Each structure stands twice: as C-alpha cells, then as structure tokens.
Amino acid sequence: MLRLAVNIDHIATVREARGGLEPDPVHAAVLAEMAGAAGIVCHLREDRRHVNDRDVRVLRDTVSTKLDLEMAATNEIIAIALDVVPDLATIVPEKREELTTEGGLDVAGNPSYYTDVTAILQGKGIGVSYFVEPDKRQIDAVVATGADVVELHTGTYANARTRSEAEGELARLRMAADYAAEAGLIVTAGHGLDLRNLRPIAEIDVIEEVSIGHALISRALFVGMERAVREYLEVVRTARIPMS
Ligand code: PXP
C-alpha cells in the first residue's frame, strides 16, 4: 500500500520567523504520526534556514515510524547523518539562493562520488535515496551507486500549466517509476504535490511512498495537523481502489 511521508520543514520556517521555540516541528511530527503518517521527513540545509541540528536529533529520538533526512551530500551534513543515523538519507541538490529544492540531483554527472557517499551511509545502517528527475540515465546512475531508493521529482508535473503538459509529465513519471522498480529500486515520489494533483501520482502502482510538505503544512494552518494528514491519507488510501 502507498505510504504518506510528511515533511515538517515549514513548521520550522514559521518558528524561524521569530527565532524562538514555537511552533516546534517535533510536535508536528508527533501529530502527523498519530494521524497515520508512515514517515517524517526533514531537510537539514547548509544554511539552517528552517530545520536545525537540535530538531534532527530530537526527531531521531521521537519519530517512531521512519525518519528521512533530506540532505546535500556535503562533508558537514554527511558527518551529522552518520552521528544521528536516520532510517533513510535522501540526497538532494542544494543551492543557497533557491526557495526550495529545484530539480533533481545530477547523480549521473558524478557517479563515483555518489557511490562512495552511498557506501559510507549504508555502512552505518542508513538507507540511501536519491532525488532525481524521471529520467532513465539518472535512474541507471542511482542503481549503479548501490542505493536502496529513488525519489522521483514531481515538481515539473506539479507546476504544469496545461493539461497536456501535465499528462506528458505524468507519462514520463510512469515510465521512470516502472523502469526504476524493474531495476530493483524502491520508488518514491515528491515535490509540489497537493490535494489537487496527488491522485494521478498515487495511482502509479509501483510508487511506494509520497513525500509531501508545503501544501500539507499550509492546509494544517487552517484545519490542524491531524486533519490535514487525514485528508492526504484519504487520497493515498483510495487512489488504487478500483471503481466498481
Ligand atoms: N521531496 C524532496 C526531495 C524535497 O526536497 C521536498 C521539498 O523539501 C519534498 C519532497 C516536498 O516537497 P513539497 O514541500 O513541495 O511538498
């Protein structure tokens, strides 16, 4: 069954607006798990613009489902990951000026580096995921690193302006998901997903998990964390039930 992983970065974004202690992303993680989320995701950025080192450590002690640490593969953040030992490390590209992760990582551009990164993290028992475009060349490179998971970037699909653009990108995601699953990777997807665009992604049967942050946290501002998670779970759980 498809799983929902909830990214709580933007609870920390609100906290950082005042630089205090509230709202605490750890509280959001607990509520998300209580509502049925199968995992908690956070991105420890080099600039610490939202989630910080304390959050990651407390989340490690608190999260009882699965902790997925999104991270750039830099020496500093790899050292933190080796110390904290999340269940999964999702390697993403990171640029200082970006508003959010822009596009997938170019694993194919530096295969030997990412093979080393994978081995180092897996050596500590950390599962490794790469966030890439739905592209065969990138998926082949992810397989070659020895990674466990590929997370397909759904941002282009989510930002499509026309139905035909969205359909074209969905076809690309379906093809890539099948290709990655056949190559033996666990396939997940994320970025830009919301209650309007999630269902077609959730219907791709080889995708095992979706990772959702901004739209779910935005919804939670108005309806509360537990209800927002349940609304997403409703889509996640019903997308594959055949209509009778
Ligand atoms: N997956 C990855 C790899 C991401 O970098 C992000 C954004 O932090 C997400 C999923 C979630 O994206 P969004 O916040 O748009 O739901």
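Laboratory data are not the source of any read-out in this text; all were calculated from the coordinates shown. Keep in mind that what you see is a predicted model, and the values were worked out from it rather than measured. We place every Cβ from the backbone using ideal geometry, glycine too, and count neighbours over all the protein chains shown.
Scan the range 47-60 and give yes if some residue there is surrounded by fewer than 17 Cβ atoms within 10 Å (Cβ to Cβ) and aliphatic (A, V, I, L, M), otherwise no. Yes, the range 47-60 has at least one match. Hey, any hits in the range 106-120 for a residue that's part of a loop (DSSP other than H, G, I, E, B), surrounded by 21 or more Cβ atoms within 10 Å (Cβ to Cβ) and at negative phi? Taking every residue of the range 106-120 in turn, none turns out to be part of a loop (DSSP other than H, G, I, E, B), surrounded by 21 or more Cβ atoms within 10 Å (Cβ to Cβ) and at negative phi. Of all residues in the range 121-133, which are among the small types (G, A, S) and surrounded by fewer than 17 Cβ atoms within 10 Å (Cβ to Cβ)? Once the filter is applied, which keeps residues that are among the small types (G, A, S) and surrounded by fewer than 17 Cβ atoms within 10 Å (Cβ to Cβ), the range 121-133 yields G123, G125.
For beta carbons closer than 8 Å, sequence separation of 6+ or different chains, a first residue in the range 78-98 that is farther than 19 Å from K124 by Cα and a second that is within 11 Å of the ligand (Cβ to nearest atom) and among the polar types (S, T, N, Q), the qualifying pairs are V92/T101; P93/T101; E94/T101. Residue count for the range 61-84 under the criterion of being touching a Leu at 6+ places or on another chain (Cβ under 9 Å) and surrounded by fewer than 16 Cβ atoms within 10 Å (Cβ to Cβ): the result is 1.
Scanning the range 198-244 for residues that are free of Cβ contacts under 8 Å to residues at least 12 places away in the same chain and touching a helix residue (DSSP H, G or I) at 6+ places or on another chain (Cβ under 6 Å) returns no hits. The residue that is farthest from A5 (Cα to Cα), counting only those in the range 134-164 that are of a type in the set (D, E) and surrounded by fewer than 21 Cβ atoms within 10 Å (Cβ to Cβ), is D140.
Within the set A5, A12, the sole residue that is aliphatic (A, V, I, L, M), part of a strand (DSSP E or B), within 16 Å of the ligand (Cβ to nearest atom) and touching a strand residue (DSSP E or B) at 6+ places or on another chain (Cβ under 9 Å) turns out to be A5.
Test E208 against the criterion of being in a helix (DSSP H, G or I), under 26 Å from L31 (Cβ atoms), within 15 Å of the ligand (Cβ to nearest atom) and not aliphatic (A, V, I, L, M), and give yes or no. Taking the combined requirement at face value, the residue does not satisfy it. Scanning the range 216-244 for residues that are over 19 Å from E203 (Cα atoms) and assigned to a loop (DSSP other than H, G, I, E, B) turns up just one, G224.
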